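Engineer: Here you go, one structure.
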Amino acid sequence: MHGRPRKAPTEEEQEASVVKGAKLRSIQAKFFQFHHTNTYTKEALEVNAKLLEMNPEFITGWNYRKLAVQYHLEAAQSDEDSIKSILDEELKVVESALMTNFKSYGAWHHRKWVLNMGHSSTDRELFLLKKFQKLDARNFHAWNYRRFVTALKNIPDEEELQYTTDMIYENFSNYSAWHNRSVLLSRLLKEEVEGYYPKEKVLTEEFEFVRNALFTDPDDQSGWFYHLWLLDQTVKLEHLLVSSWPPNGSNVNVSDYCALSPSLSSISRTLPLILCFSEAVGGINSSTVSVVCESNMDSNLIWTPISVDKSGLARTWLTYLTFSSEPMHPSRNYLVKVSIANSEGIISSAGFCCSNPSHMAFTVCLPSSNTEFDEGPDIERIDWSEENFSSNQLHSENLGLINSFNELTISGDNKKTYETNAKIIADEIDYCRELLSEMDCKIGKLTLARLLLAYDALSSASRGVQDQNMFQYKEILELYHDLMKLDPPHFQYYKDQYSLVFLKQELANEESLLKYCYQYRDSTSLSNNSLCLCLRGLSLSQIGCIERLLWVQMLDLSNNGIRSIEGLESLQLLCCLNLSNNKICSFSALEPLRLLKSLKVLDISHNEIGAHPIDTRRYLCASPLSHTSDWKREEFVVSGPEMTIYWDAFSIFSGLNLRQLSVTGNPIADKKFKLFLCKLLPAMKWLDDEKLR
Amino acid sequence: MDEAMSYPPIEPANFDLIVIGTGLPESILAAAASSSGKTVLHLDPNPYYGSHFASLHLHDFTEFLQTHSLPSAPETQPSSSGEFNVLPLTTSPVYSSIETSVFSPEILQQSNQFNLDLAGPRVLFCADKMIDLILKTEINHCMEFKSVDASFICEGEEGNLRNVPDSRSAIFKDKSLSFTEKNQLMRFFKLVQDHFGDGSDEESKKISEEDLKSPFVEFLSRKIGLSQKLKSIILYAISMAHYEQDNLEVCKDVLETKDGIDLLILYHKSGGRFPNAPGAMIYPLYGQGELLQAFCRRAAVKGSIHVLRMPVVGLLADKEVGNYKGVKLLSGQELFSHKLILDPSFILPSGFAPSYLYPEPDGGHDFGLLDEKVKVVRGICITKSSLKLDVANCLVFFPPRSLFAEQMTSVRVFQLSSNVAACPSGMFVVYLSTLCEDVGQGKKIVNEAMNALFSIPISGKPEENSTDSHGENTVLGLKPSLLWSTVYIQELTMGAFGCVSSTFMPDGNLQYNNLLDATTKLFHKMYPNEEFFPEATSSIEVAEDGAFEQLDS
């Protein structure tokens, strides 16, 4: 079961196993004969039972039994007695198989299958479970089955919760018991069963309960897992909308953003509208989000989830506002009002509905006439060298655009909940510090870091503001810094967390954010403002805090340790991206780029693409072979033989309209590859330093 | 002599070993000797087994104490018969200051339903040497055990019982320790486990020799930094120190770290040794007396002869040299043997001075025997309600100074219920013991402990209400009231080895370890070339409600 060293078999044991194998083979041969001739006689079933008792893992054996049971049940028609005797026999076979191996999936499944027919008594089941759990209290098969039986018997969740308490009292190193506790409590809390309301009271009690385990044996993981689950329950925010672009209260000159519209040549009076939520949501459409404009605006909005998967859920949603007719007053600003969750159709990934409406508004300035967007023939190459960037003197209108943080109004009820929960977390922080003062404990440090972050989220949510520079960030960063040293096997995880917190700290308010904003030497036609967010050389390994960066059109992430650009897909205004000198290992790691339709300039030079023979991320990426991909067969054929080698590069770049691309300094970037890119991206003007015809 | 008729003659008349008295050491020795192929005759003047280790009905119990609180008159005169001198055999008093209070005379009617231990309180640790011996000799087949449900520590006069956090799950469950204390205590337990761990490669995890020799109390406070509360729990409720350890200069018996952690690890290994015994300690059904009877049965299987109700009046000595030759029974029959073992209440006739005393005087502290002045105070209380609601069998520890400032020894309390057949159903038997030099002081300590635990009815006025409120006392937070109690002083004696050997009185410890060690030592002195029970082991069964059954097909 647990902690038992494996011993090499002795000679006798080996001999015994040879004998057993021979016996098993002969029974198995007999069994297959019956199986292939659809023989379900008593004798055949006995042979099968014997086989399964010897080898409960033999799935074909169980399937045969199911066929046999069906066959006999048909023959028995509706004679209760014979039905019962057929099924009782099955339960017996399962029991003896479980005695051989109580972790056999097939056996447990068969038992469920029989019980689900509803002819057998469930009385014996709990008795049986008690025995199995005595053998191994952590056996998750038994716990799984227990949930099945208790549902069948309609045993109240409270009673089962008490059972987990008893099991935990016996030995708290029981992940299965803690897990079942979390399952049961989730239900009890959701249904607000008497004694399990208010939620805050239950959470406080549970934190105290698990604290006994954490203090008694901090080296045991199971309690920490439960603690993490509790933390997750405590920190859950009810409000969903985090930020938007255009930001609340801003004024946007539509003509500045014409280049960003999906159809370049036609109308220029379109404006992207981006909503960013606190977690992935679904159900954003014109009935859940109403957008009203004083001017004529096409009200039939199509919302797109910005997500690499096809779940239909995304943190960021995009639509294009189209102002169709000539404005009545060209010089006037028109008010656009956005109301979210006016009907309860928005669903989070956790399954709960968003019922707190949020409202925001901004004004738009419409161009007087349709100006054709013109790229111009001579476009300069974007040069990322430092001397081209100057520290920035911001115009006040730009400031408004950067500040995409929503001032959210929180209802009184929620505010109180956040305050209470923040108090719970504050207590946990104190206890965690107490434990750490007693002993050095890696998971304790990690938990403290998570608690501090949670406290920050809750307390700022309860104040309704998000641009607070929290003093705790420094401590959190120190904790992750310590952990990187203390626990080298998990270095990358800590590093990622460090990056996220660091970004949170640096981008937390306008003032510190502005320190990272630079002016490109001259405005380019690519972007209306040549403001560049420059996060270079900060040893980041991951991007975070994207909800504060929706406005970014030019982003420099060079000279970091970035491995993943997850989340970058939310920056729908992004035109120019510098990812050079990072640790990106494959094109599949660049998948979020596929969703950045405005991207024109990309620098991925000096990464590690092609350096590693095995791309561990590749399976995450859509491939021509995967049935979910939206590959077009024609494309595949047209692009020629290089496709078989460069299909992942193809999948990233084929949908983009890049004008400038740097790939040099990656092992993959040889002449052949560059030729392939030229073919793939006909609109490209610059490849590395070379100007293309 | 008319009486002689009632004593049947014993055949044969020659043995390798004659043992007089059926106390635990005598019974183990008889079994061990017969296992080694010796012919053994085992005699006891009483109609029951056990001598000073017996479990007796209430009436027999008080009578036994009375009998052995007075010196016996010789049944025979020094004489000579044939070629031998007959030296009269007498006993010395081993019990004194017996104070018995009957608050509820009805219980005397139920005398036969009690099995009271003379040597209580005493328990078996699942991993101790006695259990190993029980398994080795396979006498577990004729015994059943029950788990001790809980152990408590009692500090302060209110008699509040707090759980002893003696295991990982007990620490988890404990409600009176702070979270930091839980952490400290568990870390200490782990440190001790690591010390005993089989990872011999991890020398750094071993406790240093220097620390092992240091006083345990200093190790706990200086090296481990435990709070007074935790120290007290470990010292007196887990490692079971007899004497107050805080003031090392005046402490009679300083517990060394090595001994302290030995007990701790015994405690730890005991919990969970047998899957059906959840706690660390077990107790035999029908009382401690069962244990020695099992050894006697084992001896009988190997061919020894056991005769009860057979008083021995004198020893036979060689006329010329004065050597031991045999014994003379009350019936007048003379029996001969090479060696003789006497139970500790017998006075060794002056001709047979022991050549060796054990435990050796300097090793006597393990035995509670620091000097001849040390005695054990034992108390027994009978009540109608448990010390703790819903707990049947439990231990309670009073650390030194917990009852009053001058209390220098700890008191051990052991409650047994009818589920081990200690008493009629609905009643509880509670044993108490402590060591003392001064009889008055010793009795004061036990009486104070009784005061702390029980409400003692004003004598002569048995409480009418107490009879119809059994069990409810604890519900209301009231102390159980006494139905019957006794407090007495028991002598501690040295064993002696010579041509005639003598065993020893029950020691002041809660477990059998030292008794068994001393017994083993005596056996090896007597038979230096023999192995002590040369046999194989088996497994133990503990009678538990809802005991584990194998999954039957």
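What follows is calculated from the coordinates using simple rules that are stated; it is not laboratory data. Because the structure is predicted, anything quoted here is derived from the model rather than measured. Glycine gets a Cβ as well: all are built from the backbone with ideal geometry, and neighbour counts include every protein chain shown.
Engineer: Convex hull volume of the Cα atoms in segment A:71-183, per residue, in Å³?
Structural biologist: Convex hull volume per residue, Cα atoms: 99 Å³.
Engineer: Next up: For chain B, what is the per residue volume of the convex hull drawn over the alpha-carbon atoms, in cubic angstrom?
Structural biologist: Spelled out: Cα convex hull of chain B, divided by residues, is 183 Å³.
Engineer: In nanometres, what is the gap between the two model label sites at residue A:478 and residue A:70, each 7 Å from Cα along Cα-to-Cβ?
Structural biologist: Result for the modelled spin labels: 6.6 nm.
Engineer: Using 0.36 nm per residue, how much length does the chain from residue B:265 to residue B:108 gain when fully extended, once their Cα-Cα distance is taken away?
Structural biologist: Full extension of this stretch gives 52.3 nm more.
Engineer: Let's test the formula: R0 of 35 Å, r as the Cβ-Cβ distance of residue A:78 and residue A:29. What FRET efficiency results, to the nearest 0.05? Walk me through the numbers on the way to the answer.
Structural biologist: Working: r = 37 Å, r/R0 = 1.05.
After rounding, the FRET efficiency stands at 0.40.
Engineer: Quote the FRET efficiency, to the nearest 0.05, computed for residue B:336 versus residue B:6 with a Förster distance R0 of 22 Å and r equal to the Cβ-Cβ distance.
Structural biologist: Calculated transfer efficiency: 0.45.
Engineer: Could you tell me which of rounded, prolate or oblate describes segment B:168-270, using a ≥ b ≥ c as the square roots of the eigenvalues of the alpha-carbon gyration tensor, with rounded for a/c under 1.5 and, failing that, prolate when a/b is larger than b/c and oblate otherwise?
Structural biologist: Taking the square roots of the gyration eigenvalues as a ≥ b ≥ c, segment B:168-270 is oblate.
Engineer: As a test, work out the antiparallel percent of DSSP beta bridges whose residues both lie in chain B, rounded to the nearest 5.
Structural biologist: Here the antiparallel bridges make up roughly 75 percent for chain B.
Engineer: Return the distance in nm (one decimal) between the two label points of a simple spin-label model at residue A:359 and residue A:415, each offset 7 Å from Cα along Cα→Cβ.
Structural biologist: That separation, rounded to one decimal, is 1.7 nm.
Engineer: Charges at C-beta only: +1 for Lys and Arg, -1 for Asp and Glu. How large is the resulting dipole of the protein assembly as shown about its Cα centre, in Debye rounded to 20?
Structural biologist: 2660
Engineer: Using a Förster distance of 41 Å, how high is the FRET efficiency between residue B:70 and residue B:247, based on the Cβ-Cβ distance and rounded to 0.05?
Structural biologist: 0.60
Engineer: In what order do A:37, A:319 fall by count of nearby beta-carbon atoms within 10 Å, going from fewest to most?
Structural biologist: A:37, A:319
Engineer: Additional query: Expressed in nm to one decimal, what extension gain is obtained for the pair residue A:380 and residue A:678 from 0.36 nm per residue of sequence separation less their Cα-Cα distance?
Structural biologist: 105.4 nm
Engineer: Let me ask something additional. By count of other Cβ within 10 Å, fewest leading, how are B:22, B:62, A:363 ordered?
Structural biologist: Details: B:22 28, B:62 20, A:363 17.
Final ranking by Cβ density, sparse to dense: A:363, B:62, B:22.
Engineer: Ok, one more. Using helices alone, I'd like the mean residue ellipticity at 222 nm for the protein assembly as shown: each DSSP H run of four-plus residues gives -39500 (n - 2.57), total over residue count, nearest 500.
Structural biologist: Estimated from H runs of four or more residues: -11000 deg cm²/dmol.
Engineer: Counting only C-alpha contacts under 8 Å and six or more residues apart, can you give the relative contact order of chain B as a whole percent?
Structural biologist: 26
Engineer: In debye to the nearest 20, how big a dipole does segment B:399-459 give about its Cα centre with +1 on each Lys and Arg Cβ and -1 on each Asp and Glu Cβ?
Structural biologist: Values: 4 positive and 4 negative charges, 26 e Å.
So the magnitude is around 120 debye.
Engineer: If you don't mind, another one. Within a 10 angstrom radius of each residue's Cβ in A:209-217, how many Cβ atoms of other chains show up on average? Whole number is fine.
Structural biologist: Across A:209-217, the average partner-chain Cβ count within 10 Å equals 6.
Engineer: Please tell me which of these pairs span more than 24 angstrom C-alpha to C-alpha: A:201/B:190; A:415/A:504; A:92/A:130; B:38/B:328; B:136/B:339; B:173/B:229?
Structural biologist: A:201/B:190; B:136/B:339
Engineer: Starting from 0 in steps of 10 Å, tell me what percent of the Cα-Cα pairs of segment B:1-135 lands in each bin.
Structural biologist: All Cα pairs, binned at 10 Å, distribute as 9, 27, 34, 22, 7, 1 percent.
Engineer: When only C-alpha pairs under 8 Å and at least 6 residues apart count, what is the relative contact order of segment B:168-270, in percent?
Structural biologist: 27
Engineer: So how far, in whole Å, is the C-alpha centre of segment A:551-575 from the one of segment B:2-61?
Structural biologist: Cα centroid of segment A:551-575 versus Cα centroid of segment B:2-61: 93 Å apart.
Engineer: Here is a follow-up. Where both residues lie in the protein assembly as shown, what percent of DSSP beta bridges are antiparallel, nearest 5? Could you put the intermediate results ahead of the total?
Structural biologist: Values: 108 of 146 bridges.
If we restrict to bridges inside the protein assembly as shown, about 75 percent are antiparallel.
Engineer: When a/c is below 1.5 the answer is rounded, else prolate if a/b is larger than b/c, else oblate, so apply that to segment A:1-135 with a ≥ b ≥ c taken from the square roots of the Cα gyration tensor eigenvalues.
Structural biologist: Details: a/c = 3.06, a/b = 1.33, b/c = 2.29.
It comes out oblate by the Cα gyration axes.
Engineer: Could I ask something else about it? Can you give the percent of C-alpha pairs in the protein assembly as shown whose distance is more than 47 Å?
Structural biologist: Within the protein assembly as shown, distances greater than 47 Å cover 55 percent of Cα pairs.
Engineer: Can you give the extra length, in nm with one decimal, that the chain gains between residue A:92 and residue A:442 once fully stretched, where that is 0.36 nm per residue apart less the Cα-Cα distance?
Structural biologist: 121.2 nm
Engineer: Show me A:558-571, A:576-589 ranked by packing, highest mean number of other Cβ atoms within 10 Å first.
Structural biologist: Per-residue Cβ counts within 10 Å, averaged per peptide and sorted highest first, yield A:576-589, A:558-571.
Engineer: By count of other Cβ within 10 Å, fewest leading, how are B:310, B:130 ordered?
Structural biologist: The most exposed by this proxy come first: B:130, B:310.
Engineer: Which distance in nm do the two modelled labels at residue A:147 and residue A:159 give, with both placed 7 Å along the Cα-to-Cβ direction?
Structural biologist: For residue A:147 paired with residue A:159, the spin-label model returns 1.9 nm.
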